[in-house]
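Have a look at the structure below before the remarks.
The values are calculated or read from the model by the stated rules, or taken from the named source; none is laboratory data. Note that the coordinates shown come from a computational prediction; the quantities given were computed from them, not determined experimentally. Cβ coordinates were reconstructed from backbone atoms using ideal geometry, including for glycine residues, and neighbour counts include every protein chain displayed.
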Amino acid sequence: MGPGRCQWGGLLRAWLLLAAAAAAVAEAQGEVAHVFSEVFFCQKDSPFSGLSQSLDNEQLFWFDFPGSTWHPRLTDFRPEAENRTSKDEILKLSNICTLALDVLTNFSQEYMPEAKGIPQVDVFTLQPFQLGQPSTLVCSVTNIFPPSVTISWEFQDQPVSQGVFTTHVYPLEGLDFQMFSYLEVTPQEGQVYSCTVKTPGDKSSTTTFWVPKDPVDPQLLGNILCAVAFGVGILLAILGAILVILMLQTKNAE
């Protein structure tokens, strides 16, 4: 465990523990319909700082530190200034976090074990797909902790960079983080796509593969299910008739 690995750990854990305590207080005061959260973190690995606002585990807005601007997760949202944390407050928070980083790092190295999650990776299509038609692959990465990973795509064992869009990391209620990466594809039979997730400093990585298979036509699937149900019904009827005949024969024999 190198010193760079723990430097952000203590501060990040402190922020998350404070968030968990606030959530516990809110829960004790009564059941709520929705949960709005704002999480800030700083660390030695990229991204060095992060600020995100979420509603029920769905990211609404994220703050771009190099550009000092708020951005919506979806284009339909508008990050009005009066509803977002001001740039001055964010700058103060960032300075406090940077100053406290080394202190909490030294404390965590001596008294706290390193907290680390193994990324869970799933690959699926954004919408039901058809072979030969444009579609979008989604690489969902959860259980990210600390919030620093890289996501890469491969097609037929070759790196892919075009048609890729990756979101910023954002927090979940379970005190971990999540990211999404999207890849525009035109799936054909026999193709192999893969999504690989790496954590800085780790020699290992997590890879999930996706192979397009021609989906069964819904109408054909419905016809097959109806035929199977009809056949099972006939079989049960025959078995019932046989049981009735056997019972009658037994009764007559007595």
Every residue from region 141-163 that is within 25 Å of residue 66 (Cα to Cα) and surrounded by fewer than 16 Cβ atoms within 10 Å (Cβ to Cβ): 150, 161, 162, 163
Hey, could you check region 109-144 for residues that are of a type in the set (A, V, I, L, M, F, W, C) and touching a helix residue (DSSP H, G or I) at 6+ places or on another chain (Cβ under 8 Å) and say which is farthest from residue 175 (Cα to Cα)? 112
Residue hits (region 142-175; assigned to a strand (DSSP E or B) and touching a residue at least 60 places away in the same chain (Cβ under 8 Å)) are 170, 171
When you scan region 224-241, do you find a residue that is at pLDDT below 75, in a helix (DSSP H, G or I) and either more than 49 Å from the chain's Cα centre (by Cα) or not acidic (Asp, Glu) (or both), even just one? yes
When region 116-137 is examined, which residues are found to be modelled with pLDDT under 90 and under 17 Å from residue 204 (Cα atoms)? 116, 117, 118
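Residue-wise test of (1) assigned by TED's automatic domain parsing to the domain that holds residue 181; (2) modelled with pLDDT of 85 or more; (3) touching a Gly at 6+ places or on another chain (Cβ under 6 Å); (4) not β-branched (Val, Ile, Thr).
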residue: 96; (1), (2), (3), (4): no, yes, no, no
residue: 99; (1), (2), (3), (4): no, no, no, yes
residue: 104; (1), (2), (3), (4): no, no, yes, yes
residue: 164; (1), (2), (3), (4): yes, yes, no, no
Those residues of region 176-209 that are exposed (fewer than 15 other Cβ atoms within 10 Å of the Cβ) and in a strand (DSSP E or B) come to a total of 4
The condition from (1) surrounded by fewer than 16 Cβ atoms within 10 Å (Cβ to Cβ); (2) more than 18 Å from the chain's Cα centre (by Cα); (3) modelled with pLDDT of 80 or more that residue 212 misses is numbered (1)
Pairs needed: first member in region 48-66, surrounded by fewer than 17 Cβ atoms within 10 Å (Cβ to Cβ); second member anywhere, among the charged types (D, E, K, R) and modelled with pLDDT under 85; C-beta distance under 9 Å; at least 6 residues apart or different chains. 56/173; 57/173; 58/73
